[in-house]
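This report refers to the structure that appears directly beneath it.
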């Protein structure tokens, strides 16, 4: 029997119950919000379970939502079950003052640089990462440039403010 | 003055305290070095010819594409994707257009899909030709390189005929292409298909069973399938280890399901396997191009009205109207200005779309909040992901093996650093 989004959702709900929230599947990709302190438990379960077998990490990245008070920073994991060829997206939200997320490097070696990149650009602190230093930016940099408060353009330019990009 | 000179510290190259006493040598390979094709720095600890440890430093050509993309209307992001893997820019372009099409729910016609397949597969051939001939150059065989680069040039001439540029193509638009394929293009395509196999066979005859080349490549820079999967390898490098994962088959896009092709795989994932997988993929790509041309000709014979349709009509809000219409039709002129001024909002949504790039799964993770620009755009860059396995692959081997391992991985600096 082919693995479907419904089966994955059912299995995860059986195991973790109400702790997994915000189930949705935009464009067919099952997405779920995982509490920050449970990210490794969920990924380990997805990895070990004989019918789920999410053993390939496609992508790991961060997103900054300044408007979501208390959970401004988000870490997004894309996992892939190569046997049944189905993807899953996990999201973790942490407050920007204390952006602590457990590192997935023990489970996926590929998470190493991707977590360093996420740290480099968003300042997410991955607990347990073997070498959490900047990767693409210079070591001396003091801020996390992909956060929304750092503007691309010269802030004095009126032709490039948010209104011109369909926002605000 | 003299104090300053003595106290001057090198901040970026961290040598250990006891580096004068130790028996091994610290070698700084790169950032620019004739043996590394691109900006790669590796600080290696070597014992004679053996690599004991290597620490890659990346980010030398980081250009903050993800940040820039947050301030660019969708059609302007295409030029950023060009500069990721610049050896196969059309694949990146098409991948980006398909991501927006997925967001907007645009369905392209079969003919447009096949046109895209032609340019994507030509780009794959060009990409693999560069990689394989450079592996040969790094082993000391320059001749093959000079043969196949003529044909990379011919592929670039075909790109020129499609979109006007060669390396960073900015090819295509949301919904299709900016103009139709010309007759001159088909002439060039037919010429390429007729003459390329002979040269490719010659290239293979020079190297595939060449004793020196084989001795040099077999067993160099290997990686097991388990480790490769754990490291997130995709594309030819993963297939060389024996895992037949190909996005074109796993999640077909642009009507790849209509084509008949094989996924070549290797066994041990060393330099030779990667070289052979890429060679075989060139033949498969060539066969796909042939099939695509046949399919297009069949469609055109059956439905002559399709011949003039080179983009999906429902994409008109995002597809710049043809120049001829802009000068003669009011509607087209208005749309042209609205698009150029970036006044067209995209719907809110969250999309992940991936294509099989020259080096592996090239993914676009796009979050749109309903504005004119992406709220967040993340490129899943295969080079960035598999280059972190490089130390594990070369440590314990010879320094010269480390050099060919790097070129056979086909790490492209633009994609690595984004």
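Restricted to the range A:144-161, and to residues there that are under 17 Å from residue A:99 (Cβ atoms) and either touching a strand residue (DSSP E or B) at 6+ places or on another chain (Cβ under 8 Å) or loosely packed, with under 11 Cβ neighbours inside 10 Å (or both), the residue that is farthest from the other protein chains (Cβ to nearest Cβ) is A:149.
Scanning the range B:327-352 for residues that are surrounded by 14 or more Cβ atoms within 10 Å (Cβ to Cβ), away from every other protein chain (no Cβ under 12 Å) and modelled with pLDDT of 90 or more yields B:329, B:333.
Does the range A:18-42 hold any residues that are surrounded by 14 or more Cβ atoms within 10 Å (Cβ to Cβ), within 13 Å of chain B (Cβ to nearest Cβ) and over 20 Å from residue A:68 (Cβ atoms), and which are they? Scanning the range A:18-42 gives A:25, A:29, A:30. Taken over the range A:93-128, the residue count meeting the criterion of being within 25 Å of residue B:413 (Cα to Cα) and not in a helix (DSSP H, G or I) is 5.
Any residue that is closer than 24 Å to residue A:118 by Cα and touching a helix residue (DSSP H, G or I) at 6+ places or on another chain (Cβ under 7 Å) - is there at least one of those in the range B:334-345?
no
Evaluate the following for residue B:317: is it farther than 21 Å from residue B:119 by Cα, part of a helix (DSSP H, G or I), free of Cβ contacts under 8 Å to residues at least 40 places away in the same chain and within 14 Å of another protein chain (Cβ to nearest Cβ)? No; evaluated as a whole, the condition is false for this residue. Inclusion of residue B:350 among residues that are farther than 25 Å from residue B:413 by Cβ and not in a strand (DSSP E or B) is not warranted.
Looking across the range A:36-60, the residues that are under 16 Å from residue A:103 (Cβ atoms), outside any strand (DSSP E or B) and in contact with a helix residue (DSSP H, G or I) (Cβ under 9 Å, 6 or more places away or on another chain) come down to A:38, A:41, A:42. Residues in the range B:367-412 that are part of a loop (DSSP other than H, G, I, E, B), surrounded by fewer than 23 Cβ atoms within 10 Å (Cβ to Cβ) and away from every other protein chain (no Cβ under 12 Å): B:395, B:396, B:397. Take the range A:65-76 and flag every residue that is assigned to a strand (DSSP E or B) and farther than 25 Å from residue B:361 by Cβ. Selection gives A:73 alone. Might you let me know whether the range B:108-123 holds any residue that is more than 14 Å from chain A (Cβ to nearest Cβ), within 30 Å of residue B:406 (Cβ to Cβ) and out of contact with any helix residue (DSSP H, G or I) (no Cβ under 6 Å at 6 or more places or on another chain)? There is no residue in the range B:108-123 that is more than 14 Å from chain A (Cβ to nearest Cβ), within 30 Å of residue B:406 (Cβ to Cβ) and out of contact with any helix residue (DSSP H, G or I) (no Cβ under 6 Å at 6 or more places or on another chain). One residue stands out among those in the range A:104-131 that are more than 14 Å from every other protein chain (Cβ to nearest Cβ) and surrounded by 13 or more Cβ atoms within 10 Å (Cβ to Cβ): the one that is nearest to residue B:60 (Cα to Cα), which is A:123. Residues being at pLDDT below 85 and closer than 26 Å to residue A:121 by Cα are represented in the range B:35-58 by at least one member.
The values are calculated or read from the model by the stated rules, or taken from the named source; none is laboratory data. Note that this is a predicted model, so its numbers are computed, not measured. Glycine gets a Cβ as well: all are built from the backbone with ideal geometry, and neighbour counts include every protein chain shown.
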